Structures are given as structure tokens and as C-alpha cells.
Amino acid sequence: MDIEKTILVVDDDREVRSVVSVVLRRHGFKTLEAENGSDALTLAAARTPDLIISDVMMDNMNGFMLREMLQKDPATAGIPMILMTGAAGNAGAWETDKNVTYLRKPIGMETLVNEVLKKLFPNRADRKSASKR
């Protein structure tokens, strides 16, 4: 089974991007990074990642707007997302979108990796195999 997956990490905080990327690489994933939604949209169209992890609150284009724009392009519409935010409130319609997981910050890295595995490997046996990397 090929478990090499590419994950696009989007956050306007360089430190958060870096930490998340390092943790994901340690688990065997390839990572791409973008500091805002516009850059992420360009990268997603060019590289078609297997998953996008994005902060919600960003300048230029927030995580919700990014999801909306990705949905408009058939090439990127099916990319699953994990949206992260420290803001209180309701994710609204995104909470019912099976392709989007909504996490509130602070997020432990173990929790994030578990959510990544659930998104990328919905079959429990595949998820177990991938987590051993």
C-alpha cells in the first residue's frame, strides 16, 4: 500500500506552519506550506495535495474562503481539509461537510495526527498501518 501522502499546511504564523510540517514529516508525510489562502489556492491547483490543513483566521483569504474557492475547481473540490481556529464560535455549514474536519486550537499534535490519519485513511486497518510509520 502506498502511504506517501502530501499535505498542504496553511497558516499565517510561520512557527505553527513549521511545527505542524515537522510533525507530519516525522510521520512519513510530505508537506507543502503556504502563509495565506491565496498562496494555498495556487499551490493546491499546481500540486493537488491529498489533504489541506488550514488556519481559519488569516489575512488575504481565510480558511473558509479558501475552502469555498477550492470547491469551485473540479481539480481541487475533493481535497479534504482540516480547519483549525482559536476563535470561539460555530463553524456553521462546515460542520456538516464530511470533507472538512473542524478543530479548535490549541490542538495537541497527537490529536492532529490522528485526525490526519482519519481523513487520509478512512479504513481503520489502513490507518493502523500508516500510523506505524
Would you confirm whether any residue within the stretch 5-25 is farther than 19 Å from residue 101 by Cβ and among the small types (Gly, Ala, Ser)? yes
Under 6 Å between Cβ atoms, which residue pairs at least 6 apart in sequence (or on different chains) link something in the stretch 35-62 that is more than 15 Å from residue 9 (Cβ to Cβ) with a partner that is part of a helix (DSSP H, G or I) and among the polar types (S, T, N, Q)? 60/38; 61/38
At pLDDT 95 or above and under 23 Å from residue 28 (Cα atoms): which single residue out of 107, 82 fits that description? 82
Report every pair of residues separated by at least 6 positions or lying on different chains whose Cβ atoms are under 9 Å apart, first residue within the stretch 100-111 and among the basic types (Lys, Arg), second in a loop (DSSP other than H, G, I, E, B). 104/86; 104/87; 104/88; 105/86; 105/87
Please tell me if residue 9 is touching a residue at least 12 places away in the same chain (Cβ under 8 Å) and surrounded by 17 or more Cβ atoms within 10 Å (Cβ to Cβ). yes
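The values are calculated or read from the model by the stated rules, or taken from the named source; none is laboratory data. Everything numeric here is computed off the predicted structure, so don't read it as measured data. Backbone-built Cβ (ideal geometry, glycine too); neighbour counts: all protein chains shown.
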